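No lab work stands behind these numbers, since they all come straight from the coordinates. Since the structure is predicted, the reported quantities are computational estimates derived from the model, not experimental observations. Here the Cβ is made from the backbone with ideal geometry for all residues, glycine too, and neighbour counts use every protein chain on show.
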Amino acid sequence: MDFLVLMKLAGEGVGETADENRNILKTYIIPSLELLARKEKEGILRGGFFEGQRSAAFIVTVPSEEALDDLLAGIPLADVFGIEAIPLESLEDALRRDNETLRELSEGSS
């Protein structure tokens, strides 16, 4: 299954001091980027962060919603980023669905 995953830094993800920001980078951001880079190399996700912004978009390919939940829960920055996951329908599936709808509508109007 493919999902569009949108991530945006929450207000509490920004520290007020250099020490707080250093801790956020060490604890959340860098470990998360390392994990995401590994998943990208494994072919599980593709995408990235929007340049100059504190948000990102990824296409994630996993066998199930539960696998997606497990993946997202394992990303340290999930604690400081708002995350939205949207299931994607393949173009082939959308075409099949719409052709079936057209067939049913055509049969019904005869």
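Using the Cα centre of segment 2-108 as the reference point, and only Cβ charges (+1 on K/R, -1 on D/E), how large is the resulting charge dipole? Debye, rounded to the nearest 20. Numbers along the way, then the final one.
Numbers: 11 positive and 22 negative charges, 102 e Å.
My answer is approximately 480 debye.
Roughly speaking, what % of Cα-Cα pairs in segment 2-108 are separated by over 23 Å, rounded to a whole number?
On the way: 2226 of 5671 pairs.
Considering segment 2-108, 39 percent of its Cα-Cα pairs are separated by more than 23 Å.
Return one number: the angle in degrees, 0 to 90 and rounded to the nearest 10, between the long axis of the Cα atoms of helix 30-41 and the longest principal axis of the Cα atoms of the chain.
40
Per residue of the chain, what 222 nm ellipticity follows from adding -39500 (n - 2.57) for every DSSP H run with n ≥ 4, rounded to the nearest 500? Each step should come with its number before you reach the end.
Details: 4 runs with 46 residues, N = 110.
Theoretical 222 nm ellipticity from helices: -13000 deg cm²/dmol.
As I understand it, the dipole of the chain uses +1 on the Cβ of Lys and Arg and -1 on the Cβ of Asp and Glu, about the Cα centre. Which of 5, 57, 27 lies farthest toward its positive end?
Checking the options against the dipole of the chain, the answer is 27.
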